[in-house]
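Scroll down for the structure; my scribbles are underneath it.
The values are calculated or read from the model by the stated rules, or taken from the named source; none is laboratory data. Source: prediction; values computed, not measured. FYI the Cβ positions are ideal-geometry reconstructions off the backbone, even for glycines, and counts take in every protein chain you see. Side chains are part of the model used for accessible areas, which takes the heavy atoms of the whole protein and leaves out ligands, DNA and RNA. Shrake-Rupley method; radii C 1.70, N 1.55, O 1.52, S 1.80 Å.
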Amino acid sequence: MVDVRLSEAEKVFIIHGVQENFREDGRSNDEYRQMDLETGLMPNTSGSARLRLANTEILVGVKAELEEPKPDQPDAGRLEFFVDCSANATPEFQGRGGEELATAITNLLYRAYSSSTVLDVSSLCLLPGKYCWVLYVDVVLLECGGNLFDAASIAVKAAIFNTKIPSVVVRKEEGGEEIELDVTDDPYDAKRVNVSAAPTIVTVSKIGHNHAVDASQKEEACCLARLMLAVTESGSVAAVVKEGQGSLDPDSITEMMQVGHKVGKQVNQKLIERLKEEEQKGPKRKTVGFLR
């Protein structure tokens, strides 16, 4: 997390705003800020996305590589996540300052995509035990403006949606064990990754006696505890993580789970709707607004 120093008066103002369901930027507690999303902007990748959420900016690139499957999953491909907190985002990330945050985002992305029900990794297998597609998902944090986990997960889902994997023909030599792979270089002869069940993360922050989604940096400075839920379009929760030094009573957890569940479904539905709409219009800037 990026530290923001607030006076006691500023903290009281923010806490009272959440209590009255009218935050400092005019949003209600369960409302996201406007997002700008652009996909397919990096030609040297299999898929890419760039997301701007207020002052938070995330760049994601996906590279598809042919490799050998893992021994414990011989008939499945896999995703590999790498998160880099750019030193240009904030002076706090210089040196190794952003490693802890990068590790936390990486671990949550792995947990969110750990179930085969959210992404069919078996579809990435070409030849069991021999060849599979590995999707290397690189996430770069370019600017910090709060709610980094949610922004990263939305950009990741958009980049995977944008990913095109070349078609491959597997040939076996007659009378031998030699295997030959023919990878097409035709951009129109490619398959897509089905992200219909892929999750996005919704962070519900406890601020005072109330809670809010998509917390700004100032609101995060007033938050003692938060729940991060990986929610799919159908409403399934793929992962839950609690952060912060403050405690949460059972009633608060139930309420925060309900809010995260409801908002997560809406975010996923609107994201996919807009991505499909803009894809039909051809390559151009894609603006996605998550407004209630």
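Need one number: nm distance between label points at residue 20 and residue 273, each 7 Å from Cα along Cα→Cβ, rounded to one decimal.
My value for the distance between the label points is 3.1 nm.
Could you state the principal axis extents of the C-alpha atoms in the stretch 1-123, from the largest down, to the nearest angstrom?
Between the extreme Cα coordinates on each principal axis of the stretch 1-123 lie 58, 35, 30 Å.
Once the piece of chain linking residue 13 and residue 179 is laid out straight, how much longer is it, given 0.36 nm per residue of separation minus the C-alpha distance between them? List each step's numbers first, then the result.
Numbers: separation 166, 0.36 × 166 = 59.76 nm, distance 6.69 nm.
Extending this stretch completely gives an extra 53.1 nm.
Which value at 222 nm does the chain reach when only helices count, each DSSP H run of 4 or more adding -39,500 (n - 2.57), with the total divided by all residues and rounded to the nearest 500 deg cm²/dmol? Write down the numbers at each step before the final one.
Working: 5 runs with 77 residues, N = 292.
Per the formula, -8500 deg cm²/dmol.
Greater than 31 Å separation of Cα atoms is the criterion. Which listed pairs, 218/270; 130/242; 70/276, meet it? Don't jump to the answer; show the numbers that get you there.
Working: 218/270 27 Å; 130/242 39 Å; 70/276 33 Å.
In this structure, 130/242; 70/276 lie more than 31 Å apart at Cα.
When Lys and Arg each count +1 and Asp and Glu each count -1, what net charge do the other residues less than 10 Å away from residue 63, Cβ to Cβ, add up to? Intermediate values should be presented prior to the final figure.
On the way: positive: none; negative: 65, 80, 138.
That sum, taken over residues with Cβ under 10 Å, equals -3.
Which sequence of 219, 31 reflects their accessible areas, 1.4 Å probe, from the largest down? Walk me through the numbers on the way to the answer.
On the way: 219 5, 31 35 Å².
Ranking 219, 31 by accessible area, largest first, yields 31, 219.
Can you pull out the trypsin sites (Lys or Arg not before Pro) in the stretch 58-112 that DSSP calls coil and that have at most 10 other Cβ atoms within 10 Å?
Numbers: sites: 63, 78, 96, 111; in loops: 96.
Of the trypsin sites (Lys or Arg not before Pro), the ones in loops of the stretch 58-112 whose Cβ has at most 10 other Cβ atoms within 10 Å are 96.
About the Cα centre, and with charges only on the beta carbon of Lys, Arg (+1) and Asp, Glu (-1), how big is the dipole of the chain? Nearest 20 debye, please.
Details: 33 positive and 46 negative charges, 168 e Å.
The calculation lands at about 800 debye.
Give the residue list of trypsin sites (Lys or Arg not before Pro) in the stretch 1-34 that are DSSP loop and have at most 11 other beta-carbon atoms within 10 angstrom.
Values: sites: 5, 11, 23, 27, 33; in loops: 5, 23, 27, 33.
Loop-located and lightly packed - 5.
In square nanometres, what is the average projected area of the Cα convex hull of the stretch 56-212?
Working: hull surface 48.7 nm².
Averaging across all directions leaves 12.2 nm² for the Cα convex hull.
Which listed residue (104, 123, 77) has the Cα farthest towards the positive end of the charge dipole for the stretch 66-126, taking +1 on Lys and Arg C-beta and -1 on Asp and Glu C-beta about the Cα centre?
104
From largest to smallest, what semi-axes in whole angstrom does the stretch 78-152 give when each is the square root of 5 times an eigenvalue of its alpha carbon gyration tensor? Each step should come with its number before you reach the end.
Details: eigenvalues 179, 33, 16 Å².
Semi-axes from the Cα gyration tensor: 30, 13, 9 Å.
The list (i) 60, 41, 41; (ii) 84, 40, 38; (iii) 79, 40, 39 gives values of Cα extents along the principal axes in Å, and only one came from this structure; which label was calculated from it?
Computing Cα extents along the principal axes in Å and matching it to (i) 60, 41, 41; (ii) 84, 40, 38; (iii) 79, 40, 39 gives (iii).
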